[in-house]
1. Name, by its number, the condition in (1) closer than 15 Å to residue A:92 by Cα; (2) assigned to a strand (DSSP E or B) that does not hold for residue A:20.
2. Which of the residues belonging to the range B:73-107 are out of contact with any helix residue (DSSP H, G or I) (no Cβ under 9 Å at 6 or more places or on another chain), part of a strand (DSSP E or B) and free of Cβ contacts under 8 Å to residues at least 60 places away in the same chain?
3. How many residues are touching a strand residue (DSSP E or B) at 6+ places or on another chain (Cβ under 9 Å) and either within 13 Å of chain B (Cβ to nearest Cβ) or in a loop (DSSP other than H, G, I, E, B) (or both) if we restrict to the range A:56-114?
4. Kindly evaluate residue A:2 against the criterion of being assigned to a strand (DSSP E or B) and either touching a helix residue (DSSP H, G or I) at 6+ places or on another chain (Cβ under 6 Å) or within 20 Å of residue B:43 (Cβ to Cβ) (or both).
5. When residues of the range B:58-72 are filtered for being under 26 Å from residue A:93 (Cβ atoms) and in a strand (DSSP E or B), how many remain?
């Protein structure tokens, strides 16, 4: 079965640079979520989109922005990167109208290292 | 803010033994989900239990939910070395489907 796809899988950036992470949800899933997991931490919710509209917002820095496109893929844009942004970034998707639609399926993550 | 806490933080057992992990949360929930994560990799969904359910099974997994105590437990029976991973509980509410994760339990199963 198709899973959530994230790219790139690994990313190394310098401080103050920008990064763009991409997420392709499971086909026919209409909701995308972004989470950040720091070293040794539990995942923290950043932001979510339902049908291309922002549906919820968590502890996402103002330097970050995200959007969901017409094909339902999503991008997380991170600017003025800081050392503390080094983390594993997960995308998850769900299909609210599907049976068992509450389940969020996670992608493999993008590991971002800021030097 | 952190919704859930899990105990134990770490658990070491021998293959064939059962492993029990507990999760407590603070607010009323809609669903509680359990995920497994292997060493910094992706989160694999294990099981979802709704707030009106008390127990659910999936293969060697058994999950219970006690909403009066705001707690859940995950039991893995007849553990295998391949079960070695971190296990997280995650909750959502009726107002939002964002997941709030617990602190996780690191399970080590020795052959």
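Every read-out reported here was derived from the displayed coordinates using simple, explicitly stated rules and does not represent laboratory data. Everything numeric here is computed off the predicted structure, so don't read it as measured data. Here Cβ is always computed from backbone atoms with ideal geometry, including for glycine, and neighbour counts include all displayed protein chains.
1. (1)
2. So in the range B:73-107, the residues out of contact with any helix residue (DSSP H, G or I) (no Cβ under 9 Å at 6 or more places or on another chain) come out as B:73-75, B:77-106.
After this cut, where a residue has to be part of a strand (DSSP E or B) as well, the list is B:73-75, B:85-92, B:100-101, B:105-106.
Within the range B:73-107, B:73, B:74, B:75, B:85, B:86 qualify.
3. At the first step, the residues of the range A:56-114 found to be touching a strand residue (DSSP E or B) at 6+ places or on another chain (Cβ under 9 Å) are A:56-61, A:63-69, A:71-79, A:81-96, A:100-114.
If we keep only those that are either within 13 Å of chain B (Cβ to nearest Cβ) or in a loop (DSSP other than H, G, I, E, B) (or both) too, we end up with A:56-61, A:63, A:69, A:71-73, A:79, A:81-82, A:86-96, A:100-113.
So the count comes out to 39.
4. Numbers: assigned to a strand (DSSP E or B): no; either touching a helix residue (DSSP H, G or I) at 6+ places or on another chain (Cβ under 6 Å) or within 20 Å of residue B:43 (Cβ to Cβ) (or both): yes.
So residue A:2 fails the test.
5. Within the range B:58-72, the subset under 26 Å from residue A:93 (Cβ atoms) is B:58-59, B:61, B:63, B:65, B:72.
Checking which are in a strand (DSSP E or B) leaves us with B:58, B:61, B:63, B:65, B:72.
Total satisfying the criteria: 5.
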